[in-house]
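Note sheet for the following structure.
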Amino acid sequence: MRNDKQNIIVDITFQFALDIISFTELLNTNGKYVLANQLLRSGTSIGANVREAQNAESKADFIHKMKIAAKEVDESKYWLELIKHSDNYPFDETLFDQIQSIEKILSKIISTSKKGVVK
């Protein structure tokens, strides 16, 4: 099922992972290690799962991997919200904007991919 042409969700989740790496380095610099580590894991996992979905063995496998990416989006949003509402934590609103866009795109990909799939 491999497709090597330009893919917007692959590109934006890769960029988001890079942005998360930079932001979590800032958190670490400020001694905020626990949330930095949690956000680093979930935020970079989104793109890893999207990339893995590009090599799916079937449409059902593709949907499954994209759903895992969507779960990682939800977890990342949780960590970002905690950081935003915690005292003495730096926050980057653009990360929240990015993840909301990713969430919408993933949701659309999953719902479109489900059409015609027999359960």
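The values are calculated or read from the model by the stated rules, or taken from the named source; none is laboratory data. These numbers come from a predicted model, not from an experiment. Note that we place each Cβ from the backbone using ideal geometry, even for glycine, and neighbour counts take in every protein chain shown.
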So, in segment 1-33, how many residues would count as being part of a loop (DSSP other than H, G, I, E, B) and in contact (Cβ under 8 Å) with a residue 12 or more places away in the chain? 6
Test for F62: is it among the hydrophobic types (A, V, I, L, M, F, W, C) and outside any helix (DSSP H, G or I): no
Can you name the residue in segment 23-57 that is among the basic types (K, R) and buried (at least 16 other Cβ atoms within 10 Å of the Cβ) and is also farthest from N88 (Cα to Cα) among such residues? R51
Cross-chain or 6+ apart pairs with Cβ under 6 Å, segment 34-61 first and more than 23 Å from S22 (Cβ to Cβ), then surrounded by fewer than 20 Cβ atoms within 10 Å (Cβ to Cβ) and of a type in the set (A, V, I, L, M, F, W, C): A56/M1; K59/V117
Pairs, please: C-beta under 8 Å, at least 6 apart or cross-chain, first residue modelled with pLDDT of 95 or more and in segment 72-85, second in a helix (DSSP H, G or I) and of a type in the set (D, E)? V73/E103; D74/E103; K77/E103
For segment 86-102, give me the residue count where each residue is part of a helix (DSSP H, G or I), over 11 Å from the mean Cα position of the chain (by Cα) and in contact (Cβ under 8 Å) with a residue 40 or more places away in the chain. 1
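Just for segment 86-114: of the residues that are charged (D, E, K, R) and surrounded by fewer than 15 Cβ atoms within 10 Å (Cβ to Cβ), which one is modelled with the lowest pLDDT? Write out each step before concluding.
From segment 86-114, those charged (D, E, K, R) are 87, 92-93, 97, 103-104, 108, 114; that's our starting set.
Keeping just the survivors that are surrounded by fewer than 15 Cβ atoms within 10 Å (Cβ to Cβ) gives 87, 93, 97, 104, 108, 114.
Numbers: D87: 94, E93: 96, D97: 97, K104: 98, K108: 97, K114: 91.
Ranking the qualifying residues of segment 86-114, first place goes to K114.
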When residues of segment 71-85 are filtered for being exposed (fewer than 11 other Cβ atoms within 10 Å of the Cβ) and closer than 23 Å to N49 by Cα, how many remain? 0
